[in-house]
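Below you'll find the structure, written out as structure tokens, and then a few comments.
The values are calculated or read from the model by the stated rules, or taken from the named source; none is laboratory data. It should be emphasised that the depicted structure is a prediction, and the values quoted were computed from it without experimental measurement. For neighbour counting, all protein chains shown are included, and Cβ atoms are generated from backbone atoms with ideal geometry for every residue, glycine included. Each accessible area value is taken on the protein alone, full model and side chains, heavy atoms only, with ligands, DNA and RNA left out. Shrake-Rupley method; radii C 1.70, N 1.55, O 1.52, S 1.80 Å.
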Amino acid sequence: RKVAVEPDGLPVVHTVSGGISGTARASFVLPKEAIAGGTSVALKLYGGVLSQLAEALDGALAKPHGCFEQTSSTTYPNVLVLAYLKRVGVQSPEVEQKARAYIDEGYQRLLSFEVSGGGFDWFGAGPANTILSAYGLIEFHDMSKLRMVDEEMLRRTRDFLFSQQREDGSWAAPVRGVSAAGSLKSGDSSATAYVAWALADEA
């Protein structure tokens, strides 16, 4: 394992950027108090704006970890990054490979939080939470455009959500978790709108 050893003091960063046409020159002045051996210069050349975009999106990728909510907080952005790269036609094999690896890992983690009988809970212990399960359904729907997603798991999640629907067609706001924390301040009406949106989006 390589360990970076930084010199004492505070780093001073100076960046020069711009377009190149023919010959270009850039200069900067080293501080008088610069520590000997602690100075480095980096040169990056991009073929265009899309090359810079790919690097920026690579920085948005994150390794999945934690409970269902935490895993989703990293996996879903990874899905959106990969989907965006494909939509705008940016070719970056390294970024795509990294995104797919993280998405695959996140997908397997998310499956481990499924509750027996369908639906999802933060740690898979149950009972399943309707809002969390609806969020997962939306997430898996977008993920299915980039990788294989278990259709039986999707069916169980839909069946769980429909099983929680009341006779008047509404869904009750969960008494713990997402809505209890104040994310759905309108209670049952917001829960109903969100679950219905998830089911319609996935249909």
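General observations
- Residue match in the stretch 49-63 (condition: closer than 30 Å to GLY89 by Cα, free of Cβ contacts under 8 Å to residues at least 24 places away in the same chain and in a loop (DSSP other than H, G, I, E, B)): no
- Every residue from the stretch 85-125 that is over 13 Å from THR157 (Cα atoms) and acidic (Asp, Glu): GLU94, GLU96, ASP104, GLU105
- Tallying residues that are closer than 19 Å to MET148 by Cβ and either of a type in the set (Gly, Ala, Ser) or part of a loop (DSSP other than H, G, I, E, B) (or both) within the stretch 82-112 yields 5.
- Flag if GLY119 is modelled with pLDDT under 95, among the small types (Gly, Ala, Ser) and within 14 Å of PHE68 (Cβ to Cβ): no
- In the stretch 44-76, residue nearest to the chain's Cα centre (by Cα) [restricted to those that are closer than 13 Å to GLY136 by Cα and open to solvent by 20 Å² or more (accessible area, probe 1.4 Å)]: TYR76
- Within the stretch 82-116, being in contact with an Asp or Glu (Cβ under 8 Å, 6 or more places away or on another chain), over 18 Å from TYR135 (Cα atoms) and open to solvent by less than 20 Å² (accessible area, probe 1.4 Å) holds for LEU82, LEU85, SER92, VAL95.
- Number of positions in the stretch 31-43 that are surrounded by 10 or more Cβ atoms within 10 Å (Cβ to Cβ) and hydrophobic (A, V, I, L, M, F, W, C): 2
- Filter pass, ALA54 being farther than 29 Å from PRO7 by Cα, touching a Leu at 6+ places or on another chain (Cβ under 9 Å) and modelled with pLDDT under 85: yes
- Yes/no for VAL79 being under 19 Å from VAL149 (Cα atoms) and of a type outside the set (Phe, Trp, Tyr): yes
- The listed residues are SER186, SER190, SER179, and the only one of them that is open to solvent by less than 20 Å² (accessible area, probe 1.4 Å), hydroxyl-bearing (Ser, Thr, Tyr) and modelled with pLDDT under 95 turns out to be SER179.
- GLY117 within 21 Å of the chain's Cα centre (by Cα), on the phi > 0 side of the Ramachandran plot and not aliphatic (A, V, I, L, M): no
- Index of the failed condition, MET143 passing every other in (1) among the aliphatic types (A, V, I, L, M); (2) within 25 Å of ALA56 (Cα to Cα); (3) at pLDDT below 95: (3)
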